[in-house]
Amino acid sequence: MEIVRLKKENYDELVGLLDYVFTLKNGSSDFQKNMPKMWARDDEHMGKHLAVKEDGKLVSVIGIYPLPVDIAGERLLFSTVGNIATHPDYEGRGYMTMLINRAMEELDKMGADASRLGGLRQRYNRFGYEMSGRVYSFTLEKQVVKKAWADKVNGVTFTKIARDDLESLRIAQALHAESKIAVLRDSANDYADVYASMVAWQNEPWLAKKDGKVIGYLCTKGGAVAENYAYDTDGMQAMLAAWQNRIGDTISFRFQPHEVENIRVFSAVCNMAVVSPSHFKIIHWDKVVGAFMRLKASYTAMPKGELTLHITGFGGIRLFVNDVGVGCERFDGDCEVTLNALEATRYLFGVLPPDSTAAANGLASAWLPLPLSWNGQDRV
């Protein structure tokens, strides 16, 4: 048995193993169609995977995918850890644990500030991942469009964005990049990375225009909208109302916490739920908390003060809002609250308010949870 970093010659065997294992679990799987961004027959893409080899073949694999993220103008490095699979004939030998431990070492080597993954919560808690962050899930029914927003659909048209439609891809990329939380999509190579992200999970990208003027774009499979960006809230209303009108049935879509104007409008008429977008492992607490403190301050008033928190295994941090600025830094003194990493993740970034995890004073209740979120199209 050995752990190896994969190369381009392992491409077919890797895809075959993943499709086989996930078909057994989910009934079907097509990794090449679902995640085109990661699949290229070269050492760069395949080198993001570690595998256990036994009997001369791959039997257990894991992927570590670095994702630079812009958070309100600040560059951080997140990394997805995923596509974890073990051939059923080789389960129970501890290979998954071995690979995840190696993946944690890879995160340290690359200098990741945080990491995310999906899957069973209890399975990954022991590696520092916790269900956290928030995303607002909406459904828009035809009755709403018909009775309240019928005028919004007038003049709205949709054009499917083709791979060679570089102007539409440029527009979509610029809109995506303007988001206050945006995974950096590479616009080189004629927007190949941008297009691969937009068609992930077999979605179709559409450019929306109203009276001939571009108002936004969306990526969707029928009524399930995976990604939706517009220049303003009026454009978002028009685009989503027109898409519902086009489909003729209920559509679903999401907003991140910082999209407050969209949330105000759609929460007034739509059914909605607040859910966690992923499981997150925070590594550089001061950097990540500081970035999201400043993001929150960009769209809402935050009362002045400071909050100190000791995180087991990391140390103290001080969150502050004052006349000089907003942020977070390391702190060596006595802290008001002491939590382990999982508790701190829920306290600072949870789906629920901080007092659902530990005692929270008025300042913590006013600041937290911070607006950690994630765009589902950038899971890898």
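Just so you know, all these numbers are worked out from the coordinates, no wet-lab data involved. What you see is a predicted model; the values in this text were computed from it and never measured. Cβ atoms come from the backbone with ideal geometry, glycine included; neighbour counts cover every protein chain shown.
Listing for the model above:
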{"item": "Amide H partners (placed H, <5 Å) of VAL351, local residues excluded", "result": "GLY133"}
{"item": "Charge context of VAL324, other residues only, Cβ under 15 angstrom, K/R +1, D/E -1", "result": "0"}
{"item": "Theoretical ellipticity at 222 nm over the chain - DSSP helices of four or more residues, -39500 (n - 2.57) apiece, nearest 500", "result": "-9500 deg cm²/dmol"}
{"item": "Gained length - GLN202 relative to VAL265, 0.36 nm times residue gap less alpha-carbon distance", "result": "19.8 nm"}
{"item": "Residue-by-residue Karplus 3J(HN,Hα) for segment 113-124, coefficients 6.51, -1.76, 1.60, Hz, glycine and proline x", "result": "7, 7, 9, 9, 7, x, x, 6, 4, 5, 5, 10"}
{"item": "Convex hull projection area averaged over all views, segment 222-275, Cα basis, nm²", "result": "3.7"}
{"item": "Charge dipole magnitude, Cβ of K and R +1, D and E -1 - segment 283-380, Cα centre, debye nearest 20", "result": "320"}
{"item": "Surface/4 estimate of mean projected area, convex hull on alpha-carbon atoms of segment 287-380, nm²", "result": "6.7"}
{"item": "Solvent-free Debye scattering, log10 I(q)/I(0), computed from the Cα coordinates of segment 1-91 at q = 0.10 Å⁻¹", "result": "-0.28"}
{"item": "Net dipole in debye of segment 76-197 [+1 Lys, Arg Cβ; -1 Asp, Glu Cβ; about Cα centre; nearest 20]", "result": "640"}
{"item": "Segment 193-327 shape via C-alpha gyration tensor axes, a/c threshold 1.5", "result": "prolate"}
{"item": "Burial order of peptide ranges 324-335, 57-68 (average beta-carbon count within 10 Å, highest first)", "result": "57-68, 324-335"}
{"item": "Spin-label proximity, ALA224 to segment 251-288 - amide N less than 14 Å from point 7 Å beyond Cα toward beta carbon", "result": "251-254"}
{"item": "√(5λ) per eigenvalue of the Cα gyration tensor, segment 56-98, largest first, Å", "result": "33, 9, 7"}
{"item": "Cα shape, segment 110-259, gyration tensor, a/c 1.5 rule", "result": "oblate"}
{"item": "Mean shadow area of segment 68-186, taken as a quarter of the surface of its Cα convex hull (nm²)", "result": "12.6"}
{"item": "Cα centre as origin, Lys/Arg/Asp/Glu Cβ charges: the chain dipole, Debye", "result": "800"}
{"item": "Efficiency of FRET between GLU141 and ARG75 - r from beta-carbon atoms, R0 45 angstrom, step 0.05", "result": "0.70"}
{"item": "Cross-link pairs beyond the 27 Å C-alpha cut-off, checked among LYS7/LYS221; LYS37/LYS146; LYS209/LYS296; LYS147/LYS209; LYS25/LYS142; LYS37/LYS109", "result": "LYS7/LYS221; LYS37/LYS146; LYS209/LYS296; LYS25/LYS142"}
{"item": "Cα-based Kirkwood hydrodynamic radius, segment 103-156, one decimal, Å", "result": "15.5"}
{"item": "Cleavage-rule hits, chymotrypsin sites (Phe, Trp or Tyr not before Pro), segment 212-311, DSSP coil, Cβ neighbours within 10 Å at most 16", "result": "TYR231, TYR299"}
{"item": "Amide H contacts of GLU54 (H built 1.01 Å from N, under 5 Å, at least 5 apart or other chain)", "result": "VAL59"}
{"item": "Cα shape, the chain, gyration tensor, a/c 1.5 rule", "result": "oblate"}
{"item": "Karplus (6.51, -1.76, 1.60) ³J(HN,Hα), θ = phi - 60°, over segment 46-53, in Hz, Gly and Pro reported as x", "result": "5, x, 7, 10, 10, 8, 8, 10"}
{"item": "Hz values of 3J(HN,Hα) by residue in segment 288-304 - Karplus curve (6.51, -1.76, 1.60), Gly and Pro given as x", "result": "5, 4, x, 4, 6, 4, 5, 4, 5, 5, 6, 10, 8, 6, 10, x, 6"}
{"item": "Built amide H within the under 5 Å cut-off of ILE283, gap 5+", "result": "ALA114, SER115"}
